[in-house]
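Taking it in order: structure first as structure tokens, then the write-up.
The values are calculated or read from the model by the stated rules, or taken from the named source; none is laboratory data. Quick caveat: nothing in here was measured; it's all calculated off a predicted structure. Every residue, glycine as well, gets a Cβ built from its backbone with ideal geometry; the counts of neighbours run over all protein chains shown.
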Amino acid sequence: MPELPEVETVARGLRQALPGRRILDVRLGKTDFIDDPGAFERELPGSRITSVRRFGKFLLLDLENSQSGGAAFSLQIHLGMTGQIVTCPADARILPHTHVYLGLDDGRELRYTDIRRFGKIRILSNGTRETLLGEQGFDPLETSEEEFRAEISSRRARIKALLLDQHVVRGMGNIYTDESLWRARINPKRLGATLKDDEMHRLFRAIRAVLTEAIRLRGSSVSDYVDANGERGEFQLRHRVYMREGKKCIRCGRVIRRVIVAGRSSYFCPRCQAAPRQKGR
């Protein structure tokens, strides 16, 4: 499932093409992943895209509709496991499982393709948008180390679970959590409240470094992910633990292991990321 770097990469690509463009028409295929398809067909034609941004794992297309007195609203897109959104000429070959076509005023189309349809698209009105987005946690690329430390140290959940919880940290997922914990030499089963100051500092810096590098390399293409131009990312070539069970750790040579933490597979090095000591009875 696309995480922060993949969504940020897509947002940056769309940001080069969409702001200022007007949506002329809407065509829909399957609509079971769209909240209120009728609102799509009513609200989107004639609206102008004012900005494209990422919020956690969501893409937000901010729009204004002159036919409704300049009312502002947003199109919220979650790519799910196989969702792809690209701009292309209107006469470009249509890929299988393309379900949304937004005709633009420059002759191109914004197309959404989703094989498994686990994605989600909905229109957020101005008031609803702020309420729903306010339920998300802090952005790891925007928060300070002090805010990060205060939030994590106050919780006794496992650090892997905390980083995956979108109400705590928005945008993190399995790939970048595992890679960050490996860089910081922290076991995924550690409790957030037990991390020492130097460990918290290492983790904060590791998360920022991993996410920044992944964005520079346009994300990880481990499944169906492509950017806004249909190109695959390259950060999967830099993975050190994720999906590397049974392979040697490049740092110490021990074999990478997999355990289940917070219901998710977690890849780690048992030497570099020593398990928390169990207290005796």
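Listed values, structure above:
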| quantity | calculated |
| --- | --- |
| The range 211-238 residues that are under 15 Å from VAL10 (Cβ atoms), paired with ones that are polar (S, T, N, Q) and loosely packed, with under 14 Cβ neighbours inside 10 Å (beta carbon under 9 Å, 6 or more apart) | ALA228/GLN16 |
| Boolean, PRO19 is assigned by TED's automatic domain parsing to the domain that holds ASN126, out of contact with any helix residue (DSSP H, G or I) (no Cβ under 7 Å at 6 or more places or on another chain) and without any contact (Cβ under 8 Å) to a residue 24 or more places away in the chain | no |
| Any hit, the range 119-130, residues being crowded, with 18+ Cβ neighbours inside 10 Å, in a loop (DSSP other than H, G, I, E, B) and either at pLDDT 95 or above or out of contact with any helix residue (DSSP H, G or I) (no Cβ under 8 Å at 6 or more places or on another chain) (or both) | yes |
| Within the range 18-60, tally of residues that are surrounded by fewer than 17 Cβ atoms within 10 Å (Cβ to Cβ), aliphatic (A, V, I, L, M) and out of contact with any Asp or Glu (no Cβ under 6 Å at 6 or more places or on another chain) | 2 |
| Enumerated helices (runs of 4 or more DSSP H) restricted to the range 138-203, each holding at least 2 residues that are charged (D, E, K, R) and farther than 16 Å from PRO276 by Cα | 145-153, 174-184 |
| Matching residues, the range 13-50, being closer than 16 Å to ILE85 by Cα and under 23 Å from the mean Cα position of the chain (by Cα) | GLY13, LEU14, ARG15, GLN16, ALA17, LEU18, PRO19, THR31, PHE33, ILE34, ILE49 |
| Condition met for ARG155 (over 27 Å from VAL222 (Cβ atoms), assigned by TED's automatic domain parsing to the domain that holds ALA209, at pLDDT below 95 and touching a helix residue (DSSP H, G or I) at 6+ places or on another chain (Cβ under 6 Å)) | yes |
| Test set (1) touching a helix residue (DSSP H, G or I) at 6+ places or on another chain (Cβ under 9 Å); (2) assigned by TED's automatic domain parsing to the domain that holds ALA39 - LYS160 fails condition number | (2) |
| Check on ARG257, free of Cβ contacts under 8 Å to residues at least 60 places away in the same chain, surrounded by 15 or more Cβ atoms within 10 Å (Cβ to Cβ) and over 25 Å from PRO140 (Cα atoms) | yes |
| Of all residues making up the range 224-281, the number that are within 15 Å of PRO5 (Cα to Cα) and in a loop (DSSP other than H, G, I, E, B) | 10 |
| Number of the condition not met by ARG232 [criteria: (1) modelled with pLDDT of 95 or more; (2) within 30 Å of LEU18 (Cβ to Cβ); (3) not acidic (Asp, Glu)] | (1) |
| Test: GLU145 is surrounded by fewer than 17 Cβ atoms within 10 Å (Cβ to Cβ) and in contact with a helix residue (DSSP H, G or I) (Cβ under 9 Å, 6 or more places away or on another chain) | yes |
| Among (1) closer than 22 Å to ASP227 by Cα; (2) touching a Leu at 6+ places or on another chain (Cβ under 6 Å) - the single one LYS57 does not satisfy | (2) |
